[in-house]
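Since the structure comes first, as structure tokens, the remarks are kept for the end.
The values are calculated or read from the model by the stated rules, or taken from the named source; none is laboratory data. In this text, all values refer to a predicted model and were calculated from it rather than measured experimentally. When the accessible area is computed, the model is the full protein with side chains, heavy atoms only, and any ligands, DNA or RNA have been set aside. Shrake-Rupley method; radii C 1.70, N 1.55, O 1.52, S 1.80 Å.
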Amino acid sequence: MKKKILIIDDEVNIGLLLSKFLTRNGFDVANAITGNSAIEILANDTFDLVLCDYRLDDTDGKEILIKIKENYPTTGVIIITGYSDIKLAVELIKLGAYDYITKPLYPDEIVNTINKALETQRVLNEISGLPNKNSSSEEAEYINHTDYIDGKSDVSSTLLKQIQLIAPTSYSIILTGKSGTGKEYVAKTIHLNSLRKDKPFIAMDCGSLTKELAGSEFFGHEKGSFTGALYTKIGHFEQANGGTLFLDEIGNLSYEIQATLLRTVQERKVKRIGSTKEIDLDVRIIVATNENLVDNIAKGTFREDLYHRFNEFSIHIPSLKKRGNDIIVFAEKFLATTNKELNKNIRGFSEEVKSCFLRYSWPGNVRELKNVIRRVALLTDGNMIQVDVLPLELANHAKDYDKEEVQNQAKIKFSNKTQNLKNASQEAEFDTILRVLKEVNFNKTKAAQILKIDRKTLYNKIKAIKIDENE
């Protein structure tokens, strides 16, 4: 059965847009524009999750959250707001909200957060023994399947072989790689190919974890254990018991939190804040970072003993640029998904667009590629994606000269000239410029910074080389 979601937002247009998007993604959605009408809807129907704007005409998200947790404890809550306030976020999460997200809303992030909230609420209900009186599904199970994309390049083949090798074990794993390379995708793939696949996969973003929230989020708390603890909260370790706990951005944890985490990892026991009962843990831990943890150990910002607890096996996720023609494979996969989302039938990409994709450096990696495909698909009226709908940073690559040809012709030009000191100096300068351009994938801004010259000077030198070619 479809998961049921109630959207509470007094901005009608935002509510309708969210409703349409979530309906297309397989959810059953209802809307309310006031807190009072939302409470009436909840009293007469059952929902798995509530998306609630913090500021409403007749109340606020905090009051709605408290009422839902008191009367419908099996329903998850996500608070949406137009501004960011860490203090308020901490308070709302302590009161039982799964998450607190700020506008503008990004569709992919919304769906991802909803899926995680549904899985977390399912596990919480199961552990707490709460009846599913407010769940729209007879079976309160939600499995967040991973649509990990198989590449054909050598680096992708190596990555997949590592995943296949490590997945059946219970080893703890460190995933490294730049932001946006798909570390959570890899973690989910490992989980779904393990003996724990029928148990929970719980993901936790350590990058946004404050000192005040750490204990409650990791270990949970008992009702009344501190001011504002109006209900019992199940921590992430306990939620993941029997399954896999994925800790993203592990390098961002404070040294104090690391010490607390180490004890739990060593002893494989957890105790909720305010409780005297210890709970045995059987959890596989996968951590991810875009930092060099060995360097952090040397700097004194990451505990060496915790690092070795996690580092039973490590996998490096290659950047998108290093996957070569897989970029096109991934783009086509994302296009197929976006076609369904937008109800379009775009067949593919022009050769010029493919060339731009392969030349571009993709600093945002797979995440950036996915966002670009969604944008260009929205802007495309025909059945093929053309250069004119590409973002400027990609479209510029369509106008780039043939770099290899320039390199070859320039070398011929210099070799045919008298090898006096001036020519030798020019040739050395050109070789240096070309080498730096290649290192930064012909990103002229970055090249100019490395060469310690301004962009205009760099363009003039490149232009001068081209003029000389045609002499």
Original post:
Can you list, bin by bin at 10 Å, the percent of alpha carbon pairs in region 1-45, starting at 0?
Top reply: 30, 53, 17
Original post:
Given the rule -39500 (n - 2.57) for each run of at least 4 DSSP H residues, summed and divided by the residues of the chain, what is its mean residue ellipticity at 222 nm, to the nearest 500 deg cm²/dmol?
Top reply: -15000 deg cm²/dmol
Original post:
Roughly speaking, what is the centre-to-centre gap between region 225-272 and region 170-203 when only Cα atoms are used, to the nearest Å?
Top reply: 18 Å
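Based on DSSP, what percent of beta bridges with both residues in the chain are antiparallel, to the nearest 5? Kindly include the intermediate steps, with their values, before the conclusion.
Values: 5 of 43 bridges.
Around 10 percent antiparallel, to the nearest 5.
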Original post:
Quick one: if you take sqrt(5λ) for each eigenvalue of the C-alpha gyration tensor of the chain, what semi-axes come out, biggest first, whole angstrom?
Top reply: 48, 28, 20
Subject >> region 219-260, accessible surface, carbon-and-sulfur percent (1.4 angstrom probe) >> reply: 50 percent
Subject >> Bins of 5 Å, starting at 0 and running to the largest distance - Cα pair percent for region 357-396 >> reply: 5, 24, 34, 24, 10, 2
Original post:
Rounded to the nearest 5, what is the percent of antiparallel bridges among the DSSP beta bridges in region 1-64?
Top reply: 10 percent
Subject >> Zero-based 5 Å bins, Cα pair distances in region 268-329, whole percents >> reply: 4, 12, 16, 14, 13, 15, 12, 7, 4, 3, 2, 0
**OP:** Keeping all protein chains in place, calculate the accessible area per residue for region 38-80 (probe 1.4 angstrom), answer in Å².
**Re:** 38 Å²
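With N denoting the number of residues in region 1-98, provide Rg(C-alpha) divided by 2.2 N^0.38 Å, to two decimal places. Could the numbers behind the result be given before it?
Numbers: Rg = 12.6 Å, N = 98, 2.2 N^0.38 = 12.6 Å.
In units of the 2.2 N^0.38 Å rule of thumb, it is 1.00.
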Original post:
Rounded to two decimals, what ratio of Rg to Rh does region 216-369 give with C-alpha atoms and a Kirkwood Rh?
Top reply: 1.13
**OP:** Provide the per-residue ³J(HN,Hα) series for region 199-213, in order, calculated from phi with Karplus coefficients 6.51, -1.76, 1.60 and θ = phi - 60°, each as a whole number of Hz, with x at glycine and proline positions.
**Re:** 9, x, 10, 10, 9, 9, 8, 6, x, 9, 8, 8, 4, 5, 8
